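Scroll down for the structure; my scribbles are underneath it.
Throughout, read-outs are computed from the coordinates displayed, never taken from laboratory work. Here the structure is a predicted model, which means the values were calculated and not measured. Here the Cβ positions follow ideal geometry from the backbone for every residue, glycine too, while neighbour counts run over all protein chains shown.
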Amino acid sequence: MFHVKHFDVVVIGGGHAGAEAAAAAARRGAQVALVTLKRTGIGVMSCNPAIGGLGKGHLVREIDALDGLMGRAADAAGIQFRLLNRRKGPAVQGPRAQADRELYRDAIQKMLAQQGGLQIVEAEVVDLVVERDTVRGVELADGSTLGAAAVVLTAGTFLNGVMHIGDQKRQGGRVGDAASVRLGQRLADLDLDRGRLKTGTPPRLDGRTIDWARLQMQPGDAEPVMFSFLNRAPTARQIACGITETNEATHEIVRDNLHLSAMYGGYIEGIGPRYCPSIEDKVVRFADKTGHQVFLEPEGLDDHTVYPNGIATSLPAEVQQAYVRTIAGLEAVEILQPGYAIEYDFFDPRGLAMDLQVRNLPGLYFAGQINGTTGYEEAAAQGLIAGANAAARAFGAAPLTMHRSDSYIGVMIDDLVSRGVTEPYRMFTSRAEFRLTLRADNADQRLTPMGLSAQLVSSERKDAFELKMQGVQAIRVSLSEHVIGTAALRAAGITISEDGSRRTAFDLLAFPDVTIAQLLPFVPSLQGADPDLCHQVAIEGIYAPYLARQNSEIALLRQGDAALIPEDFDYTGISGLSNELQSKLQRSKPETIERASRLEGMTPAALLLILAHVRKPHQHRVAS
Amino acid sequence: METVFALATARGKAGLAVIRVSGPRAHEAVQALCGRCPPIRQAAVRRLMWRGEVLDDALVLLFAHGASFTGEAVAELQVHGSVAVVGAVLRALGEMADLRLAQPGEFTRRALENGLLDIAQVEGLADLIDAETEAQRRQAQRVLSGAIGRRAESWRSRLIRAGALIEASIDFVEEDVPIDVRPEVLELLDGLLQDLRQEVAGSLVAERVRDGFEVAIVGAPNVGKSTLLNALAGREAAITSTVAGTTRDVIEVRMDLVGLPVTVLDTAGLREPGDEVEEIGIRRGIERARGADLRVFLLEGPLEPLEVERVDGDIVLLAKADLRLDLTDPTTLPVSGLTGFGVDALVQQIVATLQQRVLSAGVTTRQRHREALVRAVEAMESARVELCKPSGGMEIVAAEVWTAIRALDVLVGRLDVEALLGEIFASFCIGK
């Protein structure tokens, strides 16, 4: 037996979830080991070369507000920044960037290297060390052991991964390898439900063989919007992406070869995401469409690989070659690597608590694709929460749990833990019922204070945040104290309906077509105020009329949350609950009535029944 | 899960009494009483015995689990309607293991929990049991059959469609959703607003059918209002005298007018009050009369001014017809509570007026339903306003549509975002 090295937290896996988990635990002051097969693989973007988007951009901002890595790395690697939905309201705007793979990986690795208390261990984990039903560390392939109070598993598609290119399939992940069998068996023993998912990728193209001159080009925004609250401008050279379209000739080739597709040939059992269909899917399900957009996204400044976003496929390589060449601008294109579909197992996240700890095995945390999510941003956000909580466990501190009403991270974890997944889970803004208040622009205001009290946030960010909030508060006060008459407004060319009410400059922000620039001349104390901060307050003004309503809805939700269900509550004793609901409840063990209410198949009557039993534990007969 | 039993018919002496048993041991329990149960859903006479004693000869009827009122195994025993027989059978059932007396409403609650009824249907069932008049019975039957649920379902699916269109334009802006969704959303909202406003108006009428219409008799003191009330009620409901101001408080008499539930209100005569008590009575009378569904003005002269305004559809009567010689004024109906002259014509006119209103009754019958509908209407109106602004925010339209959907959820249950995403993915080619 080798020497046992002791850590507070061990993180298994160096993907986006693993990197954030290790960094978050270390930021809280834990001694962390990040165990990965290949040190150089940390921070690699394995799929599309982009970060952010709608919903996802919100997640990145929230990660940044908690001092996570992703926002800063994406800013360092961004080669084309675009704020999506720029012409819609700020609540539904999402920052997005094309990222240079090399720059992104370098940025992540550099930040991890600079993080104190974090050690990277290049090794293979073969088993968990479990004592008295609690995880105590991990065992490595060389027989040595890393002791830890908490272990975060971010195994990605490690579980039974299979890659498909047409009817060719290849074992992916590490299945079949004797070492991983033990870890697999250990996880199987946890008695967690599993599901099977799939995801697809497009063929990678050689950019030197694309006829760019024929294509419509899409540049980034003239005024790039950064992910991190600490950054102001991009550092990398900015580029444009190309846009082209499939056509009838493309679709015909796809249709003629459907039987060869892994997915349509019946070779795949996993469930794919509805929102990321393969080209096969698009051609079959939307047969009347004569063309589908394809975005040609360069993978890096010094890399000629191009990622054609929109044509994920599992057709054989030669069919991919044929259909790609029917597309305008791609007539002579060379494929560097054919597209493929990958199938993998995930664990039903309903087996997790809100702190992402496995209910059946204290000390073990799951984050990322293993929980049924897709996307770098979703994985990273879970990693951060799992890492922070693993450290909390090591220190005996209170867990950091997010709520639907405070963050997209809270929405995601709540969805996962109480509803589970039926397709790879991706964030959308429509999943957040409090969308008007959970905005990308105020992620720092929502979460940085939480991060501060959880000791997750550096002093540099703390100072910047406090300075910003002082400025914001001063502008709020100035605007709210200043009443502007209708006549004065009219003289300035602003017409609003007259109803005799006195309106402050802040109130006026809620009127469409009234901009803060028009109001500033009325408020002398704001001469020379920071335009970014003014813009921030202007956004608050737009949604101020809706705040009261959202807050009362949040209060209602919190009420349901305050109704706690004891961990050992026995549902089998409740007469009137269907067997199906009983077993569902018994398995998922919702922590509150509110979360129970979101279980599939839950009825108001059943909820009342549970509430009655929770409140009166000894009275098993409930009068109607 | 326990098996419960209870007397399902009213207590007391009657020709028949029905005892209902529901739960996993229901059939077993009845078998213990009658020896051999008849086949499911086939009634048969059986002798009920317990501890060697004959209890009664009863008609026994069994329903299978999943095909009964509560959704559980159910047995019904039709016994002779004697207090002693019922008591003996209930006692026998109570002595069996795992059986207990049902709580009030427990059968219905089990039906609700087992998904056989929704909340609105339970309300309909309660109304049916409480129904006293034909109009009430018809309405309760409609609610019980799930009419609210069906209608709300149709509203909701249209709102979800609107929500899905909006969300698609927000969350999938980069994707192949090239169309401007505003025209379709606007069309959906306009159609829904029309339907919901109509339902709100109809629900007021439906609530009247449930709770009774209020008809107020209004007039000067000593004009014969109480005498008219008594004539309508066919009994001495109010004290009558020739002394003005005899009626000091509002007197209510509930009656069934040709199938319609009507509460007739007799109010204090409208005059300068003699004392503080009368003043309170008059104030109260005026308030009730204004709030009533229909007012019957009892006048001694055609142009008598009163503090209560006349509304379209109100009825004007010429009082004390027995004391008049000239009854030819065509603008008023002559009536005499004392002789009964004109009372039938009055009843006919009240019924005709109310019946006209019942025709527009909605399927929603309660304040609770109407509040939900009004909230939904308000939210949709705000959504519409925002949608029509040139710079209107789709996220704000979406928030209002969500508020409307949640309001309608009160009628039928919860909606979750998955339903909405499902609609999006079925309709558009999302994904690049």
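Here is how the numbers come out for the structure above:
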read-out: B:L298 long-range amide H proximity, modeled H, under 5 Å; value: B:V218, B:G219, B:L317
read-out: Violating pairs (Cα-Cα greater than 21 angstrom) within the set A:K38/A:K198; B:K225/B:K320; A:K38/A:K110; A:K56/A:K88; A:K88/B:K389; value: A:K38/A:K198
read-out: Residue-by-residue Karplus 3J(HN,Hα) for the stretch B:258-263, coefficients 6.51, -1.76, 1.60, Hz, glycine and proline x; value: 6, x, 9, x, 9, 10
read-out: Bridge type composition, the protein assembly as shown - antiparallel percent by DSSP, nearest 5; value: 65 percent
read-out: Which of A:I243, A:I409 has the fewest Cβ neighbours within 10 Å, and the rest in rising order; value: A:I243, A:I409
read-out: For a label point 7 Å along the Cα-to-beta-carbon line of B:E95, residues of the stretch B:11-30 with backbone N under 13 Å; value: none
read-out: Under 5 Å, built H, 5+ apart or other chain: amide partners of A:T592; value: A:I565
read-out: Chain A: calculated mean residue ellipticity at 222 nm from DSSP helix runs of at least 4, using -39500 (n - 2.57); value: -10500 deg cm²/dmol
read-out: ³J(HN,Hα) computed for each position of the stretch A:419-432 - Karplus, 6.51 cos²θ - 1.76 cosθ + 1.60, integer Hz, glycine/proline x; value: 10, x, 10, 10, 8, x, 7, 10, 6, 10, 5, 6, 6, 8
read-out: Lys/Arg +1, Asp/Glu -1 at C-beta; the protein assembly as shown dipole; positive extreme among B:G52, A:A474, B:G393; value: B:G52
read-out: Mean-position separation - Cα centroids, the stretch A:305-336 and the stretch B:261-292, in angstrom; value: 85 Å
read-out: Peptides A:82-90, B:349-357, A:206-214 ordered by average Cβ neighbours within 10 Å, highest first; value: A:82-90, B:349-357, A:206-214
read-out: Convex hull of Cα atoms in the stretch A:9-56, direction-averaged projection (nm²); value: 4.1 nm²
read-out: Dimensionless Rg over Rh [the stretch A:1-150; C-alpha; Kirkwood]; value: 1.06
read-out: Rounded FRET efficiency, nearest 0.05, which uses the C-beta distance separating A:R196 from A:H6 and R0 of 35 Å; value: 0.40
read-out: Translational diffusion coefficient (Stokes-Einstein; Kirkwood radius from C-alpha pairs) of chain A at 4 °C, 1.567 mPa s, in µm²/s; value: 49 µm²/s
read-out: Peptide B:392-401, shielding by other chains (average Cβ, 10 Å cutoff); value: 6
read-out: Residues B:L323 and B:Q42, FRET efficiency given R0 of 60 Å [Cβ-Cβ distance, rounded to 0.05]; value: 0.30
read-out: Shape box of the stretch A:435-513 [Cα atoms, principal axes, largest first, Å]; value: 51, 25, 19
read-out: Distance (nanometres) between label positions extended 7 Å along Cα→Cβ at A:A488 and A:A464; value: 3.7 nm
read-out: Least to most buried among B:M394, A:M412, B:M96 (fewest other Cβ within 10 Å first); value: B:M96, B:M394, A:M412
read-out: Qualifying GluC sites (Glu not before Pro) for the stretch A:426-519 [loop in DSSP, other Cβ within 10 Å: at most 12]; value: A:E498
read-out: Segments A:344-352, A:377-385 sorted - mean Cβ within 10 Å per residue, highest first; value: A:377-385, A:344-352
read-out: Kirkwood-type radius of the protein assembly as shown, with distances r between different C-alpha atoms, in Å; value: 34.1 Å
read-out: Computed label-point distance, nm, for sites A:A213 and B:R254 using a 7 Å Cα→Cβ extension; value: 9.0 nm
read-out: Shielding by partners - mean other protein chain Cβ count within 10 Å, residues of A:88-95; value: 5
read-out: Cα-projected label distance for B:Q348 with B:E134, points at 7 Å along beta-carbon direction, nm; value: 1.7 nm
read-out: Percentage, to the nearest whole number, of Cα pairs in the stretch A:59-127 over 19 Å apart; value: 48 percent
read-out: For the stretch A:340-357, Karplus couplings with θ = phi - 60° (6.51, -1.76, 1.60), whole Hz, Gly/Pro x; value: 8, 10, 10, 10, 7, 8, 9, 9, 4, x, 5, x, 9, 8, 5, 8, 6, 7
read-out: Förster-model FRET efficiency, 35 Å R0, A:D532 and A:S497, C-beta, rounded to 0.05; value: 0.70
read-out: Rounded to 5, percent antiparallel among DSSP beta bridges of chain A; value: 70 percent
read-out: Amide hydrogen neighbours beyond the local backbone of A:V129, cut-off 5 Å, H modeled; value: A:R136, A:G137, A:V138, A:E139
read-out: Peptide ranges A:366-375, B:265-274 listed from the most packed, as the mean C-beta count within 10 angstrom indicates; value: A:366-375, B:265-274
read-out: For B:C37, A:C241, A:C47, order by how many other beta-carbon atoms lie within 10 Å, fewest first; value: A:C47, B:C37, A:C241
